[in-house]
Amino acid sequence: MAFDEILHHVGDSGRFQVWMIALLNMLSMMSSPHDIMENFTAAIPAHHCSVNLDNSRSEISTAMNLTTEAMIKVSIPMGPNQKPEQCRRFRHIQWQFLDSNISTTNSTELETEPCLDGWTYDRSVFTSTIVTEWDLVCDFQSFRYYAQATSLAGHLVAGPLGGFVSDRFGRKPLLMVCSLAYGVLGTCCAFAPNFFFYCVLKFLLSASISAVLINSLILVLEEASVQWYAIVIVLNGLFASIGLAGFGVLAYVLSDWHLLQLASALPYFIFSILYCWVPESPRWLMITGKTEQAWKELQRIASINGKKEIAQNLTTEDLRSKVKEDVNSTGKHFRIKNIIINPVIRKTVLCKSSITFAVLFSIFGLLLDIQVLGKNIFLTQILLGVIDIPSKSLTYFTLKYSRRRPLITFLLIALGSCMIITMILSEEMYVMRLTIFILGKGFYAAFTCINLAYCNELIPVALRSTVNGVFMLIARLAIVLSALTLVTRKYFVHLPMILCGVLPIVATINIYFLPETFNLPLVDSIKDMEKRDRLMNKNINKKEGQDFLETTEC
């Protein structure tokens with residue numbers, strides 16, 4: 001925790017911090033639409049079997065100069081909604097339906113067959129999606145969900161792995177490599193030759209973006225003072241929401257999935273170059289015993305902030321004298337097994353994971369299929385992004401002046417209540433359903449900011465990326481299970497409603513077992529975390545309590 005004092009000397013509110021926050025916000029804006037991209041790139045347009053008139057009758061069709069509507073009328077049976085069937089066609093052309101006195105509704109006994117010649121798609125909304133590219137409709141419609149499933153699997157694998165690699169080898173190398181990888185893989189994905197190759201690339205894309213999302217925010221927080229934390233987290237959330245809303249506009253303009261995928265990938269080549277310039281986290285370097293490298297990075301920060309004299313006078317001895325604990329031993333004694341065997345860490349990770357699982361399970365069942373919320377998919381996406389802006393803006397004040405535990409409890413109960421009402425309302429009341437869900441999305445947006453701050457306040461620097469990777473693993477697992485649960489609506493109508501509404505409310509129990517972190521200093525080591533836990537349990541002497549609290553800068 002003495003690092004805050006060192007950072008204050010080299011500049012904790014200067015040009016360097018402003019540039020880092022700007023880079024983080026741009027990255028957040030570009031990254032946020034990744035998980036919901038399949039709502040647009042894999043959208044299913046209206047479709048029907050391709051019409052192929054009998055050769056023996058081709059002269060008749062030419063003579064009569066049949067319109068498209070007439071050709072569909074004699075070739076495609078009508079469904080219950082009086083629209084052409086999507087997956088069947090007449091085995092033989094039914095010319096009698098050209099007679100206006102004969103109703104097409106009396107076609108149930110006529111012989112039909114599957115779409116042997118492919119499908120014709122309505123391209124008025126989307127000129128191209130992966131569904132139209134590889135005919136993922138009818139018997140192959142479930143294939144479109146494989147892309148989303150493989151994407152989530154990439155998060156599941158890379159979340160904890162990326163966090164572990166970051167805590168072991170540093171934030172900067174992982175950000176450089178994964179940003180470049182996302183740009184390359186995303187570009188290849190836009191020109192995928194087949195569906196299998198597309199799914200493999202989506203898996204690798206999600207693995208790359210997971211590492212970027214975890215470490216970009218952590219790097220900024222570790223290079224800024226406590227006073228910046230509220231505004232950094234709120235701005236990060238706001239730009240993520242702007243990215244979601246803007247993606248709805250971008251998807252409307254770029255109605256071709258190739259262009260949409262390409263537009264999402266190309267900016268990451270720029271990010272990979274920028275991260276070559278960004279200093280490594282001095283806090284992580286000191287915690288892991290790399291004092292010499294930390295000294296160089298602090299000198300760079302001081303120079304950028306216009307404090308060249310301090311940069312020239314700063315020595316490695318200064319760093320060692322200000323850090324109270326032996327930073328070399330801190331890094332060497334950390335092992336991944338500490339998360340399991342240490343009771344304080346284990347309790348914190350389990351309780352926070354339960355809350356994360358409940359919230360993501362509740363909200364993402366509908367976010368992954370927003371077509372059920374309204375008739376205009378683009379407007380719905382824009383509204384879901386716009387509602388986050390006032391909600392996340394208010395969290396700036398709550399982070400500065402409110403205790404964490406009661407605030408999170410309120411948001412969990414409010415979110416659960418909104419999800420119950422959304423599920424109860426019938427699909428015909430789509431305006432009311434969308435309104436209630438947007439309100440719940442606002443509570444979720446506020447929760448993401450508060451929860452993000454709370455997570456970084458709970459977890460020490462030595463294992464912050466690893467634990468955040470575990471939380472991301474739990475989050476992606478919740479999204480997968482939520483999607484699978486929604487599929488069961490066909491058999492258990494009320495199951496999604498019960499789970500999505502009740503789980504966030506039940507998860508409030510976990511808040512009781514977590515410490516309050518408002519106006520407490522961030523913890524750098526596992527020992528600091530254990531001291532804070534004893535302080536919360538009133539099981540600490542006055543001297544230890546004073547030692548723990550004296551670095552508070554809130």
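Side notes on the structure shown:
- Hits in region 188-201 - residues which are open to solvent by 60 Å² or more (accessible area, probe 1.4 Å) and not in a helix (DSSP H, G or I): Phe191, Pro193, Asn194
- Residue within region 285-302 that is in contact with a Ser or Thr (Cβ under 8 Å, 6 or more places away or on another chain), among the hydroxyl-bearing types (Ser, Thr, Tyr), over 30 Å from Leu244 (Cα atoms) and modelled with pLDDT under 75 present: no
- Yes/no for Leu319 being surrounded by 14 or more Cβ atoms within 10 Å (Cβ to Cβ), farther than 22 Å from Thr466 by Cβ and modelled with pLDDT under 65: yes
- Restricting attention to region 19-43, the residues that are over 12 Å from Leu235 (Cα atoms) and either charged (D, E, K, R) or open to solvent by 20 Å² or more (accessible area, probe 1.4 Å) (or both) total 5.
- For Phe397, the conditions (1) in a helix (DSSP H, G or I); (2) modelled with pLDDT under 80 all hold with the exception of (2).
- Selection count where residues are over 16 Å from Leu411 (Cβ atoms) and buried (at least 24 other Cβ atoms within 10 Å of the Cβ), scope region 444-458: 0
- When region 150-187 is limited to residues that are closer than 17 Å to Ser264 by Cβ, open to solvent by less than 20 Å² (accessible area, probe 1.4 Å) and polar (S, T, N, Q), the one that is modelled with the highest pLDDT turns out to be Ser179.
- Region 1-25: number of residues that are modelled with pLDDT of 80 or more and not polar (S, T, N, Q): 9
- Count of region 394-408 residues, restricted to those that are open to solvent by 20 Å² or more (accessible area, probe 1.4 Å) and under 22 Å from the mean Cα position of the chain (by Cα), is 2.
- Which listed residue, of Val249, Val234, is among the hydrophobic types (A, V, I, L, M, F, W, C) and either touching a Cys at 6+ places or on another chain (Cβ under 9 Å) or not in a helix (DSSP H, G or I) (or both): Val234
- Of all residues in region 400-433, those satisfying the criterion of being at pLDDT below 80 and aliphatic (A, V, I, L, M) are Met423, Ile424, Leu425, Met429, Val431.
- Odd one out for Phe247 among (1) open to solvent by less than 40 Å² (accessible area, probe 1.4 Å); (2) in contact with a Leu (Cβ under 7 Å, 6 or more places away or on another chain): (2)
- Members of region 202-239 found to be open to solvent by 20 Å² or more (accessible area, probe 1.4 Å), closer than 22 Å to Phe164 by Cα and not aromatic (Phe, Trp, Tyr), listed by number: Leu204, Ala207, Leu213
- The sole residue among Pro515, Pro521, Pro496 that is modelled with pLDDT of 75 or more and surrounded by 15 or more Cβ atoms within 10 Å (Cβ to Cβ) is Pro515.
- Filter result for Leu219 (in a helix (DSSP H, G or I) and within 18 Å of Phe269 (Cβ to Cβ)): no
- For first residues located in region 346-363 and at negative phi, partners that are open to solvent by 10 Å² or more (accessible area, probe 1.4 Å) and not in a helix (DSSP H, G or I) and lie 6+ apart or on another chain with Cβ distances below 7 Å do not occur.
The values are calculated or read from the model by the stated rules, or taken from the named source; none is laboratory data. Keep in mind that this is a model prediction, so the values were computed, not measured. So basically every Cβ, Gly included, is an ideal-geometry build from the backbone, and we count neighbours across all protein chains shown. In case anyone asks, the SASA skips ligands and DNA or RNA and just uses the protein heavy atoms, side chains included. Shrake-Rupley method; radii C 1.70, N 1.55, O 1.52, S 1.80 Å.
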